[in-house]
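No lab work stands behind these numbers, since they all come straight from the coordinates. Only a predicted model underlies this, so the values are computations on that prediction, with no experimental measurement involved. Cβ placement follows ideal geometry from the backbone for every residue including glycine, while neighbour counts extend to all protein chains displayed.
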Amino acid sequence: MAKIFCVANQKGGVGKTTTSVNLSAGLAKLDQRVLLVDLDPQGNATMGAGINKAGLHASTYEVMLGESDVRTARQRSEAGRFDVLPSNRELAGAEVEMVELDRRESRLKDALAEVDGDYDFILVDCPPALSMLTLNGLCAAHGVIIPMQCEYYALEGLSDLVNTIKKVHANLNPELKIIGLLRVMFDPRMTLSQQVSAQLEQHFGDKVFKTIIPRNVRLAEAPSYGLPGVNFDPSSKGAQAYIAFGAEMVERIKHM
Ligand code: ADP
Ligand code: MG
């Protein structure tokens with residue numbers, strides 16, 4: 001039975017996609033069977049995994065509308081050694097089209113149920129909004145991974161996300177919990193980063209992952225080569241951090 005995790009934060013540019021792609025690749029290196037679901041119409045996770053979002057025979061969009069299924073739509077990231085349920089801008093239309101459908105917040109959950117036995121981890125890269133797409137991610141998941149930068153505004157907006165998660169937990173998905181806050185793009189030379197990081201630990205305790213992802217240019221360069229950073233430059237600090245995060249997640253699910 002797969003454990004399903006959303007990588008979510010309604011802010012853009014906070015490292016959701018980088019985390020989704022590289023955690024997938026990191027887990028694959030640890031011999032975990034992984035499906036990465038691209039739930040963002042921008043299709044960045046799809047491209048970052050080395051799959052051409054322009055040439056999809058089927059995508060998350062068709063799967064959520066019931067016009068295809070996960071087995072048909074999924075593709076292999078050869079470089080990353082994980083599967084991808086790919087997306088492109090078509091998915092933006094799903095928001096509106098799903099309004100008329102039954103169980104519209106459970107479309108993704110229902111679709112993923114068929115491949116539950118094929119994977120150890122299913123990671124969902126959410127779009128930067130608390131939208132119907134993100135709601136589908138949260139309804140499908142056992143837990144949420146929240147990437148955040150250690151900067152002054154990082155905590156702003158976190159309460160909206162936490163409240164949304166609480167509501168989904170209360171009304172739609174009693175299994176859902178926050179697995180942890182992941183510090184990303186971390187620059188240890190910045191006093192502010194250190195201070196915000198310490199505040200996070202004080203306030204959220206063991207809900208803050210031990211692993212810290214450093215700012216590392218190799219992670220930012222990798223997508224333009226169609227490779228996860230973990231595979232593009234495995235010895236880089238960024239790649240090593242995501243592999244360590246993979247190990248932390250493998251340990252976490254033993255106690256779930
Ligand atoms: P989101 O999916 O939340 O919008 P991304 O993962 O696309 O965020 O990251 C935003 C930008 O920051 C991208 O250009 C990405 O390459 C870069 N980035 C993300 N994480 C790191 C990191 N640890 N080090 C350096 N650059 C990073
Ligand atoms: Mg993204």
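Quick notes on this one:
- Inter-label distance, Arg218 to Asn163: 4.2 nm, where each label sits 7 Å from its Cα along the C-beta direction.
- Convex hull of the chain built on C-alpha atoms - directionally averaged projected area, nm²: 12.4
- Net charge of the neighbourhood of Phe82, taken over other residues with C-beta under 15 Å away and scored Lys/Arg +1, Asp/Glu -1, is -1.
- Set of aspartates and glutamates with alpha-carbon distance to Lys254 below 12 Å, sequence-local pairs under 8 removed: Asp120
- Available extension along the chain between Ala198 and His255 is 18.0 nm, counting 0.36 nm per residue and deducting the alpha carbon span.
- Gained length - Met1 relative to Asp110, 0.36 nm times residue gap less alpha-carbon distance: 37.8 nm
- Close Lys pairs in segment 75-213 (alpha-carbon distance under 22 Å; sequence gap of 8 or more, or different chains): 9.
- Taking each residue as 0.36 nm, the span from Thr191 to Val96 lengthens on full extension beyond its C-alpha to C-alpha distance by 29.7 nm.
- Net charge in the neighbourhood of Lys207 (other residues with Cβ under 10 Å of its Cβ; Lys, Arg +1, Asp, Glu -1) is -1.
- Segment 3-254 - charge dipole about Cα centre, Lys and Arg +1 at Cβ, Asp and Glu -1, debye rounded to 20: 720
- The phi-based Karplus calculation (6.51 cos²θ - 1.76 cosθ + 1.60; θ = phi - 60°) puts the 3J(HN,Hα) values of segment 85-90 at 9, x, 9, 8, 4, 3 Hz, whole numbers, x for Gly and Pro.
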